[in-house]
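Heads up, the thing below is written out as structure tokens.
Here, each number is a calculation from the coordinates, and none is a lab measurement. Just so we're clear, the structure is a prediction, and the values are computed from it rather than from any experiment. So basically every Cβ, Gly included, is an ideal-geometry build from the backbone, and we count neighbours across all protein chains shown.
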Amino acid sequence: MQNRLIDLYSDTQTRPSAAMRAAMAAAEVGDEQRGEDPTINSLCARVAELLGQEDAVFLPSGTMANEISLLVHCRPGDEVLADRSSHILNSEGGAPAALAGAQITPLPGVRGVFTAADVRAAIREPSRYAPVTRVVSFENTANFGGGTVWPLDVFGDAVKAARDGGCAVHLDGARLLNAAVAAGQPAAAWASHCDSVWIDFSKGLGCPVGAALAGSKAFIEQAWRWKQRMGGAMRQAGILGAAALYALDHNVDRLADDHRAAKALADGLAALPGVRVESATNIVFFDVTQTGFDAPSFAARMLTRGVRVAAFSADRCRAVTHHDVAFDDMARVVEAARDVLQKERAA
Ligand SMILES: *Cc1c(COP(=O)(O)O)cnc(C)c1O
């Protein structure tokens, strides 16, 4: 297996397993947008319960879940507070401005985690000159923070600060189940305190497509109208819902394996001279600039050794563990990195 590509580009690189495909093939289906797909209906009920919310809606992507949430919470000109590293701010094509007409003000979090004091300092006094601060958006785990899990007390305090300031609370839970598994807490410990919260099925859970957004019945009713408007309403989506249900049954506890592999990788990389690592759960960011490489040239050299990592910026690479890589692969990744550093001294 020496030649098999070890693909750590993202946990989106998983392919549906044979068992997941079998579950998809056997799915009972109906017309999703009429509420007649029994598999989607049971998925939504299950996600609502998992997240401690009244109702849920199935969506094609997490990006749509974030954007629909802002469309429901905000009016054009409103302000959303989110960490400076957040996906909703950096990686959704400016959609909050383009779609909801909302402006995002970045909060100065540390590794994706901000505090109640940050929230209190940012919420504006009512004034005709100022935007209305309408939403505080959280991300757990914090992807570009290096997979950070929000400590429950820090989260609770920041949520309270948001509510005291009259803001809605939104949680981007693309990897909320990673947080839950890592912290040994139910997902609802974070999610039940939110006005809108979603999980992604196409990341560590190993599905090909899908996310589910949860909230109150009134919130989900409004979210449904935006889903319809945006062309996100589906027909026999139970094929996808069956993959998600399969993942909730079989692929949640095993996220701990991804975390163990990421820890081994982070420790191995941190032991290499000049490599600086920031890592938690299944995400490993590492900075190689002190070795003389920039991130793109380091990533390109790793690829020639059968390992794909993402060059995230000029100075940071990202490696993400998932269902389709093994703990034992990590030693090979560290060896490849050592080999690059020893044999290909950068200028
Ligand atoms: C991947 C990701 C998203 C977007 O989810 P998609 O399903 O790819 O649209 C949003 N937030 C975070 C933190 C993510 O990692």
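Quick look at the values:
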read-out	value
Helices (runs of 4 or more DSSP H) (entirely within segment 116-195) containing at least 3 residues that are over 19 Å from residue 86 (Cβ atoms) and not basic (Lys, Arg)	152-164, 176-183
Conditions (1) closer than 30 Å to residue 326 by Cβ; (2) surrounded by 22 or more Cβ atoms within 10 Å (Cβ to Cβ); (3) not acidic (Asp, Glu); number of the one not met by residue 5	(2)
Within segment 148-178, tally of residues that are small (Gly, Ala, Ser), more than 10 Å from the ligand (Cβ to nearest atom) and either over 18 Å from residue 100 (Cβ atoms) or surrounded by fewer than 24 Cβ atoms within 10 Å (Cβ to Cβ) (or both)	6
Single unsatisfied condition, residue 28 versus (1) assigned to a helix (DSSP H, G or I); (2) touching a residue at least 12 places away in the same chain (Cβ under 8 Å)	(1)
Residue 217 vs. criteria more than 16 Å from the ligand (Cβ to nearest atom), closer than 21 Å to residue 330 by Cα and among the charged types (D, E, K, R)	no
Residue check for residue 17: within 15 Å of the ligand (Cβ to nearest atom) and out of contact with any helix residue (DSSP H, G or I) (no Cβ under 6 Å at 6 or more places or on another chain)	no
Selected residue (criterion: nearest to the ligand (Cβ to nearest atom)) from residues of segment 43-63 that are among the hydrophobic types (A, V, I, L, M, F, W, C) and buried (at least 24 other Cβ atoms within 10 Å of the Cβ)	59
Options 253, 195; residue that is among the charged types (D, E, K, R) and either within 26 Å of residue 136 (Cβ to Cβ) or buried (at least 24 other Cβ atoms within 10 Å of the Cβ) (or both)	195
Residue identified as touching a strand residue (DSSP E or B) at 6+ places or on another chain (Cβ under 9 Å) and of a type in the set (Val, Ile, Thr) among 281, 304	281
Residue in segment 113-131 that is crowded, with 21+ Cβ neighbours inside 10 Å and under 19 Å from residue 203 (Cβ atoms) present	no
Positions within segment 1-14 being within 16 Å of the ligand (Cβ to nearest atom), of a type outside the set (Phe, Trp, Tyr) and in a loop (DSSP other than H, G, I, E, B), in sequence order	8, 10, 14
Helices (runs of 4 or more DSSP H) wholly inside segment 210-277 that include at least 2 residues being among the aromatic types (Phe, Trp, Tyr) and under 14 Å from residue 60 (Cα atoms)	217-229
Boolean, residue 94 is within 16 Å of the ligand (Cβ to nearest atom), without any contact (Cβ under 8 Å) to a residue 12 or more places away in the chain and either basic (Lys, Arg) or out of contact with any helix residue (DSSP H, G or I) (no Cβ under 7 Å at 6 or more places or on another chain) (or both)	yes
First in segment 51-66 and small (Gly, Ala, Ser), second anywhere and away from the ligand (no atom under 16 Å from the Cβ), Cβ under 7 Å, 6 or more apart	52/188; 52/192; 56/44; 56/48; 56/220
Which listed residue is within 16 Å of the ligand (Cβ to nearest atom) and farther than 20 Å from residue 283 by Cβ, from 89, 70	70
Filtered residue count, segment 308-334, keeping only those that are hydrophobic (A, V, I, L, M, F, W, C) and either touching a Phe, Trp or Tyr at 6+ places or on another chain (Cβ under 6 Å) or buried (at least 23 other Cβ atoms within 10 Å of the Cβ) (or both)	8
Filter result (in contact with a Gly (Cβ under 7 Å, 6 or more places away or on another chain), surrounded by 18 or more Cβ atoms within 10 Å (Cβ to Cβ) and of a type outside the set (A, V, I, L, M, F, W, C)) within segment 262-290	278, 279, 281, 282
